[in-house]
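Student: Mind looking over this structure? Questions follow.
The values are calculated or read from the model by the stated rules, or taken from the named source; none is laboratory data. Everything quoted here is computed from the prediction, not taken from an experiment. Note: ideal-geometry Cβ built from the backbone for every residue, glycine included; neighbour counts use all protein chains shown. Note: accessible area is taken over every heavy atom of the protein model, side chains too, but ligands, DNA and RNA are not part of it. Shrake-Rupley method; radii C 1.70, N 1.55, O 1.52, S 1.80 Å.
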Amino acid sequence: MAFGRAHTDGKVAALTESVAVRAVLIGLAMVFIAAFLVLPLVAVFSEAFAKGFGAYVDAIKDPIALAAVKLTFIAAGISVPLNLIFGVAASWAIAKFEFRGKSVLITLIDLPFSVSPVIAGLIYVLLFGAQGLLGPWLQSMDVQIIFAVPGIVLATMFVTFPFVARELIPLMQEQGTEEEEAARSLGADGWQTFRRVTLPNIKWGLLYGVLLCNARAMGEFGAVSVVSGHIRGVTNTMPLHVEILYSEYNMVAAFAVASLLASLAVVTLLAKGGLEWRYGHELAASRG
Amino acid sequence: MRPSTANNAPAVFDDNPPARVRRAFWRQPSVLPGFGLTMGFTLFYLGLLVMLPLAALVLKAMDFTGAQIWAAATAPRALAAYRLSFGAALIAAVINLFFGVLVAWILVRYRFPFKRVVDGLVDLPFALPTAVAGIALATLYAPNGWVGRLLDPIGIKVAYTPLGVVVALVFIGLPFVVRTVQPVLQDLNKDVEEAAASLGASRWQTFQRVIAPSIMPAALTGFALAFARALGEYGSVIFIAGNLPMKSEIAPLLIIIKLEQYDYAGAATIGSTMLIASFLLLLPINVLQRWSRLRSAEA
């Protein structure tokens with residue numbers, strides 16, 4: 001029996017590493033994780049509270065900071081639901097039907113992930129900016145998109161575009177169409193089929209995608225920076241406000257606002273970990 | 001039993017689908033509804049949000065003469081920025097390839113304290129806004145920062161040098177390699193390793209000949225994703241880079257500088273160059289990865 005042989009005269013040692021090798025590998029990985037992941041996170045909170053709790057609260061209560069928080073919520077509040085609807089529609093069409101050009105469509109949906117955020121901002125400036133393709137027409141209609149809130153929302157939508165679809169497509173492909181077909185054969189209409197059969201199957205994957213989409217929407221910097229114009233209290237989102245404070249050497253305020261974003265990241269990671277731990281099997285396809 | 005096709009009964013059980021199931025030439029018939037609606041919305045949204053603006057980039061670049069484009073794309077400052085962006089992204093991706101596989105390995109194969117916390121932390125670069133990561137790294141690696149203070153006496157300057165760019169890109173790229181290699185390691189069949197061991201292979205030989213080839217496609221995918229992300233990265237880099245023209249100025253920053261100077265030709269050209277170059281670089285990696293996956297499937 002092979003199992004027995006593996007345990008005779010030292011053969012077992014060749015199925016794993018020696019304790020020393022393990023210790024070195026774990027140690028090396030831990031030092032790397034500490035230097036690159038733990039320290040930056042600790043630094044954000046430590047710098048934010050460097051001048052005490054009072055200074056921290058003052059920095060956050062600043063009206064311009066609050067305006068930035070509000071704009072961040074507006075941008076995420078518009079782009080996340082729209083990308084959610086898109087993600088569900090796209091994954092329904094892609095996962096439940098067979099058609100030509102499917103892989104091309106999936107590649108196009110993934111495109112915003114491989115485009116630099118700065119280029120994402122740039123393309124909107126080239127389209128809607130004063131010298132852009134539609135610039136003169138927009139000006140004649142007195143509509144401003146670039147250096148205004150609509151541009152920020154559009155840029156946020158672009159960079160967070162694939163998140164929900166990407167989570168749902170593999171999940172729904174794995175689940176197949178049998179349950180939906182059964183529901184239809186029992187007389188359910190399309191909407192009932194989706195709500196009673198599909199939605200319960202994908203709800204955790206959906207939540208997972210929304211979570212990641214929201215984290216990126218609230219934290220996006222590069223794309224938003226290009227289209228924002230950096231008008232204080234008007235077109236500054238939280239990450240942009242962090243940049244301005246930092247460049248003015250107002251470290252406590254910069255890190256105070258940054259700590260709000262870092263807290264959002266930590267909450268996102270905890271919720272994500274919780275979902276993976278509790279409903280890992282229902283997310284399996286999307287984690288593959 | 002044949003289900004009745006009189007009411008809304010599905011055609012899927014039927015060998016001869018009734019005529020009302022329209023046979024589109026480009027899609028297979030299905031009893032499920034909503035294809036037209038969802039596909040229509042998908043294409044509309046994709047076209048409006050992604051394809052139209054990307055077309056604007058190409059159309060805008062066509063406003064300029066070939067000489068203008070060539071001059072903007074090959075200006076010394078632009079060349080220096082490409083060199084830094086591609087070089088730093090490549091170095092960072094190589095570092096991530098090594099540490100990413102290492103972290104994935106210890107997470108899958110070993111037990112140690114706080115393993116679940118470490119596993120969750122790997123995703124931090126996905127979740128932490130890049131500007132926050134940028135100011136945190138810049139503060140840590142500045143000469144008077146927690147890490148910079150240790151490196152400064154031995155003559156290593158990280159912040160405000162190209163090395164700082166690499167540090168930021170390593171941070172950003174790590175999860176890509178870990179998250180692509182981890183599931184493959186998890187699914188790896190232990191039987192093969194046992195077979196190798198029972199045939200007398202040392203642990204290192206087993207790793208080299210059995211484990212490494214199996215995780216290679218995933219590791220290369222992670223490498224490619226980390227590289228692509230690093231190429232375009234902006235937020236986490238600009239705070240630590242120092243942004244000196246010709247020295248520590250990345251290409252995405254140069255695009256922004258051109259835009260601020262209303263040099264649309266320059267911005268569009270450098271942007272297009274970066275897009276084309278990264279596609280050209282990723283193409284062979286994708287081909288290599290597909291080839292290696294096919295090879296391992298045959299073996």
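Student: With every protein chain left in place, what is the accessible area of residue B:158 in Å² (1.4 Å probe, nearest 10)?
Tutor: Surface accessible to solvent at residue B:158 totals approximately 10 Å².
Student: Give me the percent of accessible area attributable to carbon and sulfur for the stretch B:50-197, probe 1.4 angstrom. Show your work: numbers first, answer last.
Tutor: Working: 4370 of 6280 Å².
Roughly 70 percent of what the probe reaches on the stretch B:50-197 is carbon or sulfur.
Student: Anything in chain A that counts as a DSSP H helix reaching 15 Å or more along its axis (C-alpha) with Kyte-Doolittle mean of at least 1.6? List them, would you?
Tutor: Working: long enough: A:19-33 (21 Å, 2.57); A:63-96 (49 Å, 1.58); A:102-114 (18 Å, 1.24); A:117-128 (17 Å, 2.51); A:149-160 (17 Å, 2.00); A:163-175 (19 Å, 0.21); A:199-219 (29 Å, 0.73); A:251-287 (43 Å, 0.94).
Span-like helices here: A:19-33, A:117-128, A:149-160.
Student: Can you sort A:277, A:92 by 1.4 Å-probe accessible area, starting with the largest?
Tutor: Numbers: A:277 180, A:92 15 Å².
Correct descending sequence by accessible area is A:277, A:92.
Student: How many Å² of accessible area per residue for the protein assembly as shown, probe 1.4 Å?
Tutor: Numbers: 26950 Å² over 587 residues.
Value returned for the protein assembly as shown: 46 Å² of accessible area per residue.
Student: Also, I was wondering about something else. Picking from A:221, A:161, A:113, which is most flexible by a Gaussian network model of chain A using Cα springs under 10 Å?
Tutor: Comparing A:221, A:161, A:113 in the GNM, the peak value goes to A:113.
Student: Here's another thing I want to ask about it. Compute for chains B and A the buried accessible surface, both sides summed, probe 1.4 Å, and express it in Å² to the nearest 100.
Tutor: Roughly 8400 Å² of accessible surface disappears when B and A pair.
Student: Between residue B:205 and residue B:247, what is the FRET efficiency for a Förster distance of 45 Å, r being their Cβ-Cβ separation, to the nearest 0.05?
Tutor: 0.50
Student: Sticking with this one: Quick check: with the 1.4 Å probe, what order do A:241, A:281, A:230 take by accessible area, largest first?
Tutor: Ranked from most to least accessible, the order is A:281, A:230, A:241.
Student: Here is a further query. I'd like the FRET efficiency for residue B:48 and residue A:60, computed as 1/(1 + (r/R0)^6) with the beta carbon distance as r and R0 of 41 Å, rounded to 0.05.
Tutor: Working: r = 37 Å, r/R0 = 0.89.
According to the calculation, E is roughly 0.65.
Student: Could you please state how large a percent of the accessible area of chain A is carbon and sulfur, counting protein chains only and using a 1.4 Å probe?
Tutor: It is 66 percent, rounded to a whole number.
Student: Moving on. So for the stretch B:52-189, averaging the separation of alpha carbon pairs under 8 Å that are six or more residues apart and normalising by length, what relative contact order in percent results?
Tutor: 34
Student: Okay, next question. With a cut-off of 8 Å between alpha carbons and a minimum separation of six or more residues, what is the relative contact order of chain B in percent?
Tutor: 25
Student: Something else about it: Between residue A:186 and residue B:276, what FRET efficiency comes out of the Förster formula 1/(1 + (r/R0)^6) with R0 = 41 Å and r the beta carbon distance, rounded to 0.05? Don't jump to the answer; show the numbers that get you there.
Tutor: Working: r = 53 Å, r/R0 = 1.28.
With R0 = 41 Å, the Cβ-Cβ based efficiency is 0.20.
Student: Let me ask another. Given the -39500 (n - 2.57) contribution per DSSP H run of 4+ residues, what per-residue ellipticity at 222 nm results for chain A, rounded to the nearest 500 deg cm²/dmol?
Tutor: -24000 deg cm²/dmol
Student: Same structure again: To the nearest Å, what is the center-to-center distance of the stretch A:225-258 and the stretch B:36-68, using C-alpha atoms only?
Tutor: 31
Student: Name the residues of the stretch B:186-203 whose accessible area falls by at least 50 Å² when all protein chains are present instead of the chain alone, probe 1.4 Å?
Tutor: Listed by number, the residues meeting the 50 Å² cut-off are B:197, B:203.
Student: Have a look at the stretch A:113-130 and report residues whose accessible surface goes down by 50 Å² or more when the remaining protein chains are included, against the chain on its own, probe 1.4 Å, ligands and DNA/RNA excluded.
Tutor: By number: A:118, A:119, A:122, A:123, A:126, A:127.
Student: Relative to 2.2 N^0.38 Å, what does the C-alpha radius of gyration of the stretch A:37-121 come to as a ratio? Two decimals please.
Tutor: 1.73
Student: Moving to a separate point now. Excluding ligands and nucleic acids, what accessible area in Å² is computed for residue B:202 using a 1.4 Å probe, to the nearest 10?
Tutor: Surface accessible to solvent at residue B:202 totals approximately 50 Å².
Student: Among A:189, B:191, A:110, what's the order by accessible area (1.4 angstrom probe), most exposed first?
Tutor: Of A:189, B:191, A:110, the descending order of accessible area is B:191, A:189, A:110.
Student: Rounded, prolate or oblate: which fits chain B when a ≥ b ≥ c are the square roots of the eigenvalues of the alpha-carbon gyration tensor, with rounded for a/c under 1.5 and prolate only if a/b beats b/c?
Tutor: In terms of gyration-tensor shape, oblate.
Student: With every protein chain left in place and a probe of 1.4 Å, what is the accessible surface of residue B:203, to the nearest 10 Å²?
Tutor: Here the residue's solvent-accessible area equals roughly 30 Å².
Student: Just to be sure I understand the interface: list residues from the stretch A:181-228 that lose 40 Å² or more of accessible area between the chain on its own and the complete protein assembly, 1.4 Å probe.
Tutor: Output list: A:181, A:184, A:185, A:221.
Student: How many Lys pairs in chain B lie less than 23 angstrom apart by Cα atoms, where the lysines are 8 or more positions apart or on different chains? Walk me through the numbers before you get to the answer.
Tutor: Working: B:60/B:258; B:115/B:190; B:157/B:247; B:247/B:258.
Number of lysine pairs found: 4.
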